[in-house]
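The values are calculated or read from the model by the stated rules, or taken from the named source; none is laboratory data. Every value quoted in this text rests on a predicted model; they were computed, and no experiment measured them. Cβ coordinates were reconstructed from backbone atoms using ideal geometry, including for glycine residues, and neighbour counts include every protein chain displayed.
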Amino acid sequence: MEENKKKMSKKSKIIIAIIAVIIIAGIAITATIGLNFDLRYQESKSIQLYLEKDFNISDIKQITDEVMPGEKVIIQKVEVFEDTVNIIAKDITDEQKQSLIDKVNEKYGTELSVDNVEVESIPNTRGRDIIKPYIVPFLIATLIILVYIAFRYSKIGVIKTVAETVIISILVQVILLSIMAITRIPIGVITIPLVITAYLLTLVGLTTYFEKQLANKNDEAGK
């Protein structure tokens with residue numbers, strides 16, 4: 001029995017050490033080079049080409065691959081009739097602009113002119129602006145969950161269960177963001193679903209843990 005406790009203690013220390021390393025590394029990377037934001041949230045350039053006809057995204061992608069090889073590009077159909085293409089890239093030089101227009105004119109028989117097409121600058125989106133719409137709903141949902149946990153597991157201890165839920169939930173989110181910083185997973189459309197999934201899995205794990213504690217408490221009371 002004593003040997004098992006020692007093994008468990010050693011495993012716990014290893015897990016805590018790994019978590020500490022991940023968090024410290026994540027904080028260091030975030031503080032020095034920052035998080036890796038998806039292109040749509042970075043400072044970038046945009047160019048819109050009015051083709052006056054239907055087109056395939058794949059054809060435009062082939063053109064951008066030739067003009068801007070190896071660069072991340074977002075291609076969108078815009079306007080009501082989807083006859084205009086919007087191309088977003090980290091940067092679009094005058095030479096690339098000319099090449100894009102020439103190749104699109106050649107492909108679609110259009111007569112686009114360099115003088116009539118502008119390259120617009122798109123400012124970066126701050127991380128706080130990405131999460132801002134979710135803050136109030138998240139806080140309301142969390143408050144409701146904490147109230148439920150306080151009542152459901154009051155026999156274990158209200159302060160204990162609520163404090164553990166808050167601390168562990170925050171810790172999991174910090175670990176997730178640290179892993180994203182280390183692995184350079186882009187902060188973008190998948191970020192919120194990842195955060196929500198991690199949050200839900202944390203709650204499932206905590207409630208399972210509390211249910212076992214509650215069952216043990218009830219068993220002790222019944223003896």
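Below are the figures for this structure:
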read-out: Region 60-82, subset among the acidic types (Asp, Glu) and modelled with pLDDT of 90 or more, residue farthest from ASN105 (Cα to Cα); value: ASP65
read-out: Any hit, region 157-167, residues being β-branched (Val, Ile, Thr) and within 15 Å of ILE23 (Cβ to Cβ); value: yes
read-out: Residues being within 13 Å of LYS107 (Cβ to Cβ) and in a strand (DSSP E or B) - total across region 36-59; value: 1
read-out: Matching residues in region 29-67 - criterion: being within 19 Å of LYS97 (Cα to Cα) and of a type in the set (Ser, Thr, Tyr); value: SER44, SER46, TYR50, SER58, THR64
read-out: Residue within region 41-56 that is touching a residue at least 24 places away in the same chain (Cβ under 8 Å), touching a Pro at 6+ places or on another chain (Cβ under 8 Å), of a type in the set (Asp, Glu) and surrounded by 15 or more Cβ atoms within 10 Å (Cβ to Cβ) present; value: no
read-out: Pairs where the first residue, in region 104-117, is at positive phi and the second is part of a loop (DSSP other than H, G, I, E, B), C-beta under 9 Å, 6+ apart; value: GLY109/LYS53
read-out: Scope region 69-90; condition assigned to a loop (DSSP other than H, G, I, E, B) and under 21 Å from ASN116 (Cβ atoms); matching residues; value: GLU79, VAL80, PHE81, GLU82, ASP83
read-out: Any pair with Cβ under 8 angstrom, 6 or more apart, that starts in region 70-97 at a residue that is touching a residue at least 40 places away in the same chain (Cβ under 8 Å) and assigned by TED's automatic domain parsing to the domain that holds THR110 and ends at one that is surrounded by fewer than 14 Cβ atoms within 10 Å (Cβ to Cβ) and assigned to a strand (DSSP E or B); value: ASN86/VAL78
